[in-house]
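Peer 1: Take a look at the following structure, please.
The values are calculated or read from the model by the stated rules, or taken from the named source; none is laboratory data. Remember, it's a predicted structure, so these values are computed and weren't measured experimentally. Cβ coordinates were reconstructed from backbone atoms using ideal geometry, including for glycine residues, and neighbour counts include every protein chain displayed. The accessibility values were calculated without ligands, DNA or RNA, using every heavy atom of the protein model including side chains. Shrake-Rupley method; radii C 1.70, N 1.55, O 1.52, S 1.80 Å.
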Amino acid sequence: DGQVKVWSRSGMLRSTLAQIGTPVYSVAWGPDSEQILYASGKQIVIKPLAPSTKPTQWKAHDGLIMKVDWSPVNNLIVSGAEDRKYKVWDSYGRVLYSS
């Protein structure tokens, strides 16, 4: 439905973090748990949880992104998409590796 929501363990809606016009296929918490990373279409978005802060986003692939993850060990982001590539990024959107 193009929304990123946080739910309590008991199933209660706690907050809606993002409302966008395209489906969201993958979401990951940032290493500090103060940001979320999500994939929408061909874009990767880093959304800070603090109010009135601007998200960072970039075009990451030529196909739909199906999976993203954010490593708490080295702060690197990995994405995989329908373009049959996986990529490794830093948290500023700079590609470090592309398959």
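Peer 1: Hey, got the dipole for the chain? About the Cα centre, +1 on K and R Cβ, -1 on D and E Cβ, debye to the nearest 20? Don't skip to the answer; put the middle values down first.
Peer 2: Values: 12 positive and 8 negative charges, 17 e Å.
Dipole magnitude for the chain comes out near 80 debye.
Peer 1: Hey, another quick one. Calculate the FRET efficiency for T56 and W29 from the Cβ-Cβ distance with a Förster distance of 25 Å, rounded to the nearest 0.05.
Peer 2: Values: r = 15 Å, r/R0 = 0.62.
E between T56 and W29, to the nearest 0.05, is 0.95.
Peer 1: Moving on. Once Lys and Arg get +1 and Asp and Glu get -1 on their Cβ, which of Q57, S15, P31 lies farthest toward the positive end of the dipole of the range 1-83?
Peer 2: Sorting the options by dipole projection puts first S15.
Peer 1: Heavy-atom accessible area of K67 with all protein chains present, probe 1.4 Å, nearest 10 Å²?
Peer 2: About 120 Å², rounded to the nearest 10.
Peer 1: What nm value, rounded to one decimal, do you get for the distance between L64 and L13 when each label is placed 7 Å out toward the C-beta?
Peer 2: With each label point 7 Å from Cα toward Cβ, the separation is 2.4 nm.
Peer 1: Classify the range 1-59 from the C-alpha gyration tensor, please: rounded if a/c falls under 1.5, else prolate or oblate depending on whether a/b exceeds b/c. List each step's numbers first, then the result.
Peer 2: Working: a/c = 1.73, a/b = 1.25, b/c = 1.38.
Cα axes put the range 1-59 in the oblate bin.
Peer 1: With a ≥ b ≥ c the root eigenvalues of the C-alpha gyration tensor of the range 38-95, is it rounded (a/c under 1.5), prolate (a/b larger than b/c) or oblate?
Peer 2: On the way: a/c = 2.17, a/b = 1.40, b/c = 1.55.
Since a/c reaches 1.5 but b/c is at least a/b, the shape of the range 38-95 is classed as oblate.
Peer 1: What number, in percent, do you get for the relative contact order of the chain if the mean sequence gap of Cα pairs under 8 Å and at least 6 apart is divided by its residue count? Could the numbers behind the result be given before it?
Peer 2: Values: 221 pairs, mean separation 17.0, N = 99.
It comes to 17 percent, rounded to a whole number.
Peer 1: Round to a whole number: what % of the accessible area of the chain belongs to carbon and sulfur, probe 1.4 Å? Provide the component values of the computation, followed by the final result.
Peer 2: Numbers: 3240 of 6290 Å².
Of all accessible area on the chain, carbon and sulfur atoms account for 52 percent.
Peer 1: The list (1) 15, 50, 29, 5, 0; (2) 13, 36, 29, 15, 6, 1; (3) 13, 22, 13, 11, 10, 9, 8, 7, 5, 3, 1 gives values of P(r) over Cα pairs in 10 Å bins from 0, in percent, and only one came from this structure; which label was calculated from it?
Peer 2: (1)
Peer 1: Something else about it: So with the 1.4 Å probe, I'd like the accessible area per residue for the chain, rounded to whole Å².
Peer 2: Details: 6290 Å² over 99 residues.
Roughly 64 Å² per residue, with all protein chains present.
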